[in-house]
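Take a look at the structure below.
Coordinate-derived values only; no laboratory data. All values reported here derive from a predicted model rather than from experimental measurement.
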Amino acid sequence: FGDFNDPNSNVSQMSADEFSEFLEKTLSQLVKVCAKGSLHYICMDWRHIAELQTACKDIYTRLINLCVWVKTNGGMGSFYRSQHELVFVYQVGSGPHVNNVELGKHGRYRTNVWQYAGMNAFNNDRDELLSSHPTVKPIQLVEDAILDASNHGDIVLDGFLGAGTTLLAAERTQRVCYGVEIDPRY
């Protein structure tokens, strides 16, 4: 579950070309250690769609879907405040990917519009979570994505672990999480 929306990161100070190059380098390294057919979920702000698509065109076999996480409240923005986040679902290599949705066949009815409260909603643990990472994802959102595309005991890789949401979600869904985080504050 790659997340590139942290406004305090070095990413926010890169040019469009530098950001595309950064994405290409990091995502291509993740692909090298993933099984063919596995899916990568990449969270990206709408402002950087072009950079992500440029970086991913030679890395992934195909874009499986674009999911939209609809949050409870609007977040950043001055003209229109963003109340959503984009989640790109890319496939690594050829071959089948795990599909635990299959149009409800396994009891999971899912669409590409995901509705979960964001951390800008006034939850009891909001301030604590935001102090740990500015773009914390709800654990249930990540759990659902893991349940959609993996099986018990599978490895879940997060190359941008941040506050550890994927780690917690993997534990709760009985998967094994491997994660990398470059920023020492996380």
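Answer rounded, prolate or oblate for the stretch 4-108, using the Cα gyration tensor with square roots of eigenvalues a ≥ b ≥ c: rounded when a/c is under 1.5, else prolate when a/b is larger than b/c, else oblate.
Cα axes put the stretch 4-108 in the oblate bin.
Give me a comma-separated list of calculated 3J(HN,Hα) values for the stretch 45-56, in order, Karplus coefficients 6.51, -1.76, 1.60 applied at θ = phi - 60°, integers in Hz, x for any Gly or Pro.
5, 4, 5, 10, 4, 4, 5, 5, 5, 4, 5, 8
May I ask you to evaluate 6.51 cos²θ - 1.76 cosθ + 1.60, the Karplus curve with θ = phi - 60°, for each residue of the stretch 33-43 and list the ³J(HN,Hα) values in order in whole Hz, giving x for glycine and proline?
Coupling constants for the stretch 33-43: 9, 9, 5, 4, x, 5, 10, 10, 9, 10, 8 Hz.
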